[in-house]
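Contents: one structure, followed by commentary.
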Amino acid sequence: YSQYYAYAQALYNWVNKQYADKEKAMRERLNEYVRELFNNMYSGNRDIFIDEKYNINITYRGSVVDDTGGLRVIQYFAYVGGLVKLAYEVMQERDSEEEGHALGEQYPLVLDAAFSHADQTHTQNIARELAGAASQLIFAVMEKDWAYAKTGLVGKIGRTYELNKIDETEVQIVEVD
């Protein structure tokens with residue numbers, strides 16, 4: 001039985017190492033995408049990284065710093081955008097490995113009240129960067145936020161709708177030209 005145990009232990013160690021290596025590589029890719037999106041969204045001099053437990057950390061000159069409400073919004077959008085981008089690429093890679101067997105499909109990224117804590121510049125940057133990270137982006141936003149967001153989406157808006165309140169229980173969805 002000791003020989004079987006040794007084989008089982010060696011197999012376990014091999015699988016565990018393969019998994020750890022793959023997980024580390026995926027986290028590094030995610031970190032790269034999140035950092036790139038954050039740097040393109042944020043108009044300051046801070047940096048971002050994802051730690052081993054997938055926590056988001058903001059740094060300034062190499063030291064971890066606290067974040068604010070507005071900064072927190074930007075880091076979360078960078079994280080979500082990085083996840084969407086990584087998931088899409090992984091699906092593409094797996095599809096090509098499976099030779100024509102589609103393993104997944106793209107889903108839209110749907111955001112409600114996405115810009116309520118972001119200023120004009122960051123709203124434009126977030127909209128632009130998320131549009132580049134997702135195949136389809138659906139925003140539910142207030143008109144005041146849309147005025148800034150659409151400037152970051154030039155050439156990428158497929159359709160625009162408004163919600164017209166009829167009464168307390170009914171809303172009409174109307175396409176806007």
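Just wondering, is there one or more residues in the range 7-24 that are modelled with pLDDT of 90 or more, in contact with a Leu (Cβ under 7 Å, 6 or more places away or on another chain) and open to solvent by less than 90 Å² (accessible area, probe 1.4 Å)?
Keep residues of the range 7-24 that are modelled with pLDDT of 90 or more, which gives 7-24.
With the extra rule that they be in contact with a Leu (Cβ under 7 Å, 6 or more places away or on another chain), the set shrinks to none.
No, because not a single residue in the range 7-24 is modelled with pLDDT of 90 or more, in contact with a Leu (Cβ under 7 Å, 6 or more places away or on another chain) and open to solvent by less than 90 Å² (accessible area, probe 1.4 Å).
Which ranges mark the strands (runs of 3 or more DSSP E) fully within the range 1-97 that have 3 or more residues being under 17 Å from the mean Cα position of the chain (by Cα)?
Details: elements: 47-50, 56-60, 63-65.
The strands (runs of 3 or more DSSP E) meeting that bar are 47-50, 56-60.
Go through the range 115-137 and report how many residues are open to solvent by less than 70 Å² (accessible area, probe 1.4 Å) and not small (Gly, Ala, Ser).
Taking the range 115-137 as the starting set, the residues that turn out to be open to solvent by less than 70 Å² (accessible area, probe 1.4 Å) are 115-116, 118, 121-127, 129-134, 137.
Still in the list and also not small (Gly, Ala, Ser): 115, 121-126, 129-130, 137.
Result for the range 115-137: 10.
With respect to the numbered conditions (1) touching a residue at least 12 places away in the same chain (Cβ under 8 Å); (2) closer than 24 Å to ALA131 by Cα, which one is the sole condition not fulfilled by ASN39?
Checking ASN39 against (1) touching a residue at least 12 places away in the same chain (Cβ under 8 Å); (2) closer than 24 Å to ALA131 by Cα, the one that fails is (1).
Quick check on my filter: what residues within the range 141-174 are within 19 Å of VAL110 (Cα to Cα), acidic (Asp, Glu) and open to solvent by less than 100 Å² (accessible area, probe 1.4 Å)?
Residues satisfying the conditions are ASP145, GLU162.
Residue-wise test of (1) aliphatic (A, V, I, L, M); (2) at pLDDT 85 or above; (3) under 18 Å from the mean Cα position of the chain (by Cα); (4) within 23 Å of GLY82 (Cα to Cα).
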{"site": "ALA134", "(1), (2), (3), (4)": "yes, no, yes, yes"}
{"site": "MET142", "(1), (2), (3), (4)": "yes, yes, no, no"}
{"site": "VAL154", "(1), (2), (3), (4)": "yes, yes, no, yes"}
{"site": "GLY158", "(1), (2), (3), (4)": "no, yes, no, yes"}
{"site": "GLU168", "(1), (2), (3), (4)": "no, yes, no, no"}
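Condition check ((1) over 25 Å from GLY152 (Cβ atoms); (2) surrounded by 11 or more Cβ atoms within 10 Å (Cβ to Cβ)) across all residues:
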| position | (1), (2) |
| --- | --- |
| ASN55 | yes, no |
| ASP67 | no, yes |
| VAL73 | no, yes |
| TYR79 | no, yes |
| GLY82 | no, yes |
| LEU86 | no, yes |
| GLU89 | no, yes |
| GLN92 | yes, yes |
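Taking ASN125 as meeting all but one of (1) in contact with a Pro (Cβ under 7 Å, 6 or more places away or on another chain); (2) within 21 Å of ARG72 (Cα to Cα), write down the number of the exception.
It is condition (1) that ASN125 fails.
Of the conditions (1) within 30 Å of ALA25 (Cα to Cα); (2) modelled with pLDDT of 85 or more; (3) among the hydrophobic types (A, V, I, L, M, F, W, C), MET91 clears all except one; give me its number.
Exception for MET91: condition (2).
The values are calculated or read from the model by the stated rules, or taken from the named source; none is laboratory data. Since we're looking at a predicted model, the values are computed, not measured. FYI the Cβ positions are ideal-geometry reconstructions off the backbone, even for glycines, and counts take in every protein chain you see. With ligands, DNA and RNA removed, areas are computed over all heavy atoms of the protein, side chains included. Shrake-Rupley method; radii C 1.70, N 1.55, O 1.52, S 1.80 Å.
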